[in-house]
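> Dumping the structure here so I can ask a few things about it.
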Amino acid sequence: MSNKIFLISLFSLLACGRVAERIKVESVYPPISSINTVLAKELKNKADMRSSSIVLYPNPSELQGMSFDPVGPSELLEESGWIQVISKLSYGNRLPRGFSSGLDNKEKVLNAVRIILSVSDARDLFFKQAGQFQKDLDRKQKEIDQMQGEMTSKYICYYPVDNESGHTCEIASHPGDTAPIKEIAENCNALSEWVFKFTGDDLERFKSEVQSCVKFTKDYKKMRADVKKNKIAPLNELRKLAKGIVTDMLKQMELFNKQRYLLTAATNEDPANDDTKSQLIFNEDGNEIKLFQIYLDSGSDFKMYSLENGGIQKLKWFKNSDGIQVLSFSLVDEKFSFDAELAASTRDIFDLRFVGDIVYKEGNITRRGVMKMEFDF
């Protein structure tokens, strides 16, 4: 792996007298060489996966006679979904819009993988943009909190008296009073309703400072509501729309030839009916995995695969030759199994990700795929 993680599909199965095309989608997540103590403690406290995807690539012969048009209407996707999502990518106008039934089967697989990886890239982009908006809001909230704290600490109500004038306060404790009666306002709004025994310039200064704090807080709340409604919410909808494109394509493939191409794990974004979650817990040093379980749709119902019940085997947490932390394991079911090797990466303060290749086996069928697990922290 290089300094930045690339999702690379080599598709040696497509090589027939020519070099298989390499498809690269650069990740916005820089790889990490270890899980540091801060991250490990966060994962110890917040172990639920935020999201996960396990996508299996079709073999060429399985797409004989099939067509897919992501622009057209479907049960899961509005007609304009493809354009809404792909237009946000700098290379979107160069992407194939599905495949026709008469296209060479190898090219169909190639187009399908382009769609899968490009949609993943779009979802990363939308998540990054929404996360940046949220980060800006959080930073502004800290400024508000600091201002409120400074104001309520500066103007403490001594010897409060409730009367017709309101909450009347003295501005300081009495000389020699070792245990003065005092009250501290919760915020600037509460402070603005108190009446302090100020006079002259001190009174005007108090009113000006409190009014400024109240206005700043009010303006922030209005701005926050606007950003969440008109910036973050649309980006979250685009992420759902993007996921719908790939889900729709894979479901159509499954209906077409009765094979399986999408494995669904229960996460915070896609919870199971019983609210059981997939989890990964490190020790506080980040060098050992204490718990790993994937609550996965086994084909007929959700089933727990864990170290404890033997559903997850051969677990390794190691640093590869490029210095990147890698999580490898085998997931074993009565009907299928897959081997996964996932690189750990992180981005800013938003989340931790594991992503990489899997080899899936079911009966006499072997297919390649990609798996991703994400955690908030």
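> Sorted by accessible area with a 1.4 angstrom probe, largest first, how do 63, 125 fall?
Sorted descending by solvent-accessible area, the residues read 125, 63.
> On to the next question. Just list whichever of 142/231; 108/314; 142/221; 140/197; 316/361; 128/240 have alpha carbons separated by over 23 Å in the model shown.
Those over the limit are 108/314; 140/197.
> Can you give me the accessible area per residue for segment 326-369, using a 1.4 Å probe, in Å²?
39 Å²
> Please state the equivalent ellipsoid semi-axes for segment 154-289: what are the square roots of 5 times the Cα gyration tensor eigenvalues, largest first, in whole Å?
Value: 59, 22, 13 Å, ordered largest first.
> Using 0.36 nm per residue of separation minus the Cα-Cα distance, give me the extension gain between residue 141 and residue 192 in nm, one decimal.
16.4 nm
> Going from most exposed to least, what order do 205, 50 have by accessible area with a 1.4 Å probe?
Heavy-atom accessible area, descending, gives 205, 50.
The values are calculated or read from the model by the stated rules, or taken from the named source; none is laboratory data. Bear in mind that the values here come from a model prediction, so they are computed numbers and not experimental data. Surface areas here come from the heavy atoms of the whole protein model, side chains and all, with no ligands, DNA or RNA. Shrake-Rupley method; radii C 1.70, N 1.55, O 1.52, S 1.80 Å.
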